[in-house]
1. Within the stretch B:52-156, considering only helices (runs of 4 or more DSSP H) that don't extend past its boundaries, which have at least 2 residues that are surrounded by 17 or more Cβ atoms within 10 Å (Cβ to Cβ) and touching a residue at least 60 places away in the same chain (Cβ under 8 Å)?
2. Listed residues A:266, A:219, A:274, A:174; which is within 10 Å of chain B (Cβ to nearest Cβ), within 18 Å of residue B:129 (Cα to Cα) and among the aliphatic types (A, V, I, L, M)?
3. Can you tell me which residue within the stretch B:217-232, out of those that are within 11 Å of chain A (Cβ to nearest Cβ), assigned to a helix (DSSP H, G or I) and of a type in the set (A, V, I, L, M, F, W, C), is farthest from residue B:260 (Cα to Cα)?
4. Pull up the stretch B:222-256, narrow it to residues that are surrounded by fewer than 21 Cβ atoms within 10 Å (Cβ to Cβ) and touching a Pro at 6+ places or on another chain (Cβ under 9 Å), then point me to the one that is modelled with the lowest pLDDT.
5. Being within 8 Å of another protein chain (Cβ to nearest Cβ) and at pLDDT below 95, is that true of even one residue in the stretch B:165-179?
6. State the number of residues belonging to the stretch B:178-193 that are hydrophobic (A, V, I, L, M, F, W, C), assigned to a helix (DSSP H, G or I) and surrounded by 15 or more Cβ atoms within 10 Å (Cβ to Cβ).
7. Based on this model, can you work out whether residue B:224 counts as farther than 21 Å from residue B:90 by Cα and more than 19 Å from the chain's Cα centre (by Cα)?
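The values are calculated or read from the model by the stated rules, or taken from the named source; none is laboratory data. Computed from a prediction, not measured in an experiment: that's the story for all the values here. Every residue, glycine among them, receives a Cβ derived from its backbone with ideal geometry; neighbour counts consider all protein chains shown.
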Amino acid sequence: MTPAQRQEMRWGYFLIGPMVLGFTVFFLVALGASFVLGFTDWSLLRSPNWIGIDNYTRLVEDDRFTRALINTFAIAVPNVILRIAFSLGLAMVLNTKIAFRAFYRIVFFLPVLTMPVATATIWKWIFDPQFGPVNGGLRQLGIDGPAWLLNPGTATVAVVTVLLWSGVGYDMIIFLAGLGAIPRDYYDAAAIDGASGWQQFKDITLPLLTPTTFFLLVIAVISSLQVFDLVYVMTKLDSTNRLPTLVYYIYEQGFTNGNMGYAISIAWALLVLILAFTIIQFRLQRRWVFYQ
Amino acid sequence: MIIRKKPLRHWIGRFFLHALLMSVGLIFLFPFVWSLSTSLKPMNDLFRTTPSLIPSEFKWGNYQEVFDSVPFMRFYVNTIFVTIARTIGGVFIASLAGFAFAQLRFPGRDLVFFILLAGLMVPDQVLIVPRYILMREFGWLDSYQGLIIPLLFSAFGVFLLRQFFLGIPRDFQEAATLEGASPLRVYWDIYLPLARPAMSAFGFLTLLWSWNEFLWALTITNSNDMRVLSVGIALFEGQYFTNTAVLLAAANMATFPLLIVFLFFQKQLVEGIALSGLK
């Protein structure tokens, strides 16, 4: 190694130093500790005992965990599908030379900027069974609206609505960037060959947009499995939550009930779910994602 | 240039498209409008079974009441301070590392980078309990250090900025080094100015995320002095804000600064988001 190379090496380590140090402490050490503590009955009050895989076997029998799992999927599945569909639709429309498109784009994007806690607070009031505008409007139509946030079924509908409202704008921007990257020539050539608008969409836009769609799908699945703020504010109506999601249940076990060890085992279940879905999606991508 | 008259069909199509966009747009704007109107309503307006959009009188005092019921000013200052610190620190640390990973050669470089990337797969919730314990060991519970430092290290940011720095020829760096400049000097004088678009993009994403962050702040703070806006609003809902109009006034004030920032830096933020989608 020449002195210059050695010099470069030292600078390299020096510049990545802060990042590597922080990552080691707050990620690697934390991850290792998390793994070990998952096998203990650790709570903040007493010292930990090794209990093997008891936390994980307890998960299987825990009804509230099953409930949280079901709720999480009941929110995630419709959210992912509708989110991709709506944001693609909006991006397609706003990618044309339609008037006021800059204005529309801002309108659809504003909810992305809104603090989730504030979003949840606002929508909780909108869904208020007695005094909210949703049921107020339904009443005008002679329909007696439900107590939206009080039972899991309607609460899921409400939470998915709010997730869509606050997430569609983000995906729309990324779809617009993807659409903007498709060369104009393709459409011109197709138009000369007599392809209709629908054919152009089906044979040019959709295939060339699959990498963007794939990326958004992966992100949407991961973020939908981690819903927390919204359900914390919207459905925490008394001391318990009517619609616990996985992350809510981690928080509840760890920081409300003080069962740190058990909370960690729920978090690892979440990690396994996220990894499994991400790996499946990467496996399946060969079948439908088209890279130029 | 040939001027062609657009067929009638085109205009009918446009009409329906605008009708559709406007209805969807109204649905998107409605919560903002409703929240604004509710926040100005006097108490007895709130409990009407046919709620009206326009308050019977505009009660601006609801906004004042937020500051009287909870230490809202303190939440504001905390949020601003923590957000600025996380944004500046996070961008700086990620850009140093991104620059080194992209432009310098040293043993183990690709391995370390790969480990950082693999970290992106792990959800934060797995780490929250051990991080909480670390904070307790460090004595950083309920402190600014605790709110800021653990969240300064973004592998995503390193990845994003490395991608950008890869696009700059290594010649710059080599030439400057031959002239006797240190890599830090080269980074600061040459690469940082060039990377401004990518850095501001990542900076605005960090700012947006940090301003709204909830779970970590909820977990490690427990005194009013250390609460940020998101936690303050969530916790005091129902406890101190028995009046929904006042609660929504607080929610509006928590959102307002970001909307202002967005109006000024719309381009950077939108580019940042678009950039985060490109690989």
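1. In the stretch B:52-156, the matching helices (runs of 4 or more DSSP H) lie at B:61-69, B:72-103, B:125-138, B:144-148.
2. Answer to the check: A:266.
3. By that ranking, first place goes to B:220.
4. The extreme case among them is B:224.
5. Within the stretch B:165-179, one or more residues are within 8 Å of another protein chain (Cβ to nearest Cβ) and at pLDDT below 95.
6. 3
7. yes
Quick grid of which residues meet (1) of a type in the set (Gly, Ala, Ser); (2) surrounded by 17 or more Cβ atoms within 10 Å (Cβ to Cβ):
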residue: A:21; (1), (2): no, no
residue: A:25; (1), (2): no, no
residue: A:32; (1), (2): yes, no
residue: A:39; (1), (2): no, yes
residue: A:44; (1), (2): no, no
residue: A:48; (1), (2): no, no
residue: A:54; (1), (2): no, no
residue: A:65; (1), (2): no, yes
residue: A:68; (1), (2): yes, yes
